[in-house]
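The values are calculated or read from the model by the stated rules, or taken from the named source; none is laboratory data. Bear in mind that the values here come from a model prediction, so they are computed numbers and not experimental data. Cβ: placed from backbone, ideal geometry, glycine included. Neighbour counts: every protein chain shown.
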Ligand code: CA
């Protein structure tokens, strides 16, 4: 079950994250969990903290958390970006990504989700000068 994505597809996601983070201080991560000890929402929050995502300077990290066991997707935005885009954005984004997941287009769904987050992050947290990569772009697993 770990391999809903091939290694090559993982790399495509990493590349998409790099692209989305270009010209924004915002940070995006994707985490794929095989098993969860808690409900997906709760586990996503714990993962968000465990990955250090609450430590960004502008609190503008976004996590795509996939729980394979209960076939769930949680998208979490830290308070900086959440204040800007509001609840409606997350709902709409979730809806769109899930629509692709239901057709088993996992890569496409995530690519579109990452790209949409990049647009919002660049809008609200633009940066043209030095832009440290605060969080790794690699996909994480548990
Ligand atoms: Ca990053």
Identify, please: which residue in segment 1-20 is buried (at least 21 other Cβ atoms within 10 Å of the Cβ) and more than 18 Å from residue 101 (Cα to Cα) and is, among those, farthest from the ligand (Cβ to nearest atom)? 20
Breaking point among (1) within 18 Å of residue 9 (Cα to Cα); (2) touching a residue at least 24 places away in the same chain (Cβ under 8 Å); (3) surrounded by 15 or more Cβ atoms within 10 Å (Cβ to Cβ), for residue 34: (3)
For segment 54-73, name all the residues that are buried (at least 24 other Cβ atoms within 10 Å of the Cβ) and either at pLDDT below 95 or more than 26 Å from residue 105 (Cα to Cα) (or both). 60
Residues 62, 114: which one is under 20 Å from residue 19 (Cα atoms), in a helix (DSSP H, G or I) and within 16 Å of the ligand (Cβ to nearest atom)? 114
Considering only segment 21-30, I want to know if a residue exists there that is part of a helix (DSSP H, G or I) and within 16 Å of the ligand (Cβ to nearest atom). yes
Being touching a residue at least 24 places away in the same chain (Cβ under 8 Å) and either away from the ligand (no atom under 16 Å from the Cβ) or under 20 Å from residue 68 (Cβ atoms) (or both) is the filter here, so list the residues in segment 40-55 that pass it. 40, 41, 43, 44, 45, 47, 48, 51
What do you reckon, is residue 129 away from the ligand (no atom under 16 Å from the Cβ) and in contact with a helix residue (DSSP H, G or I) (Cβ under 7 Å, 6 or more places away or on another chain)? no
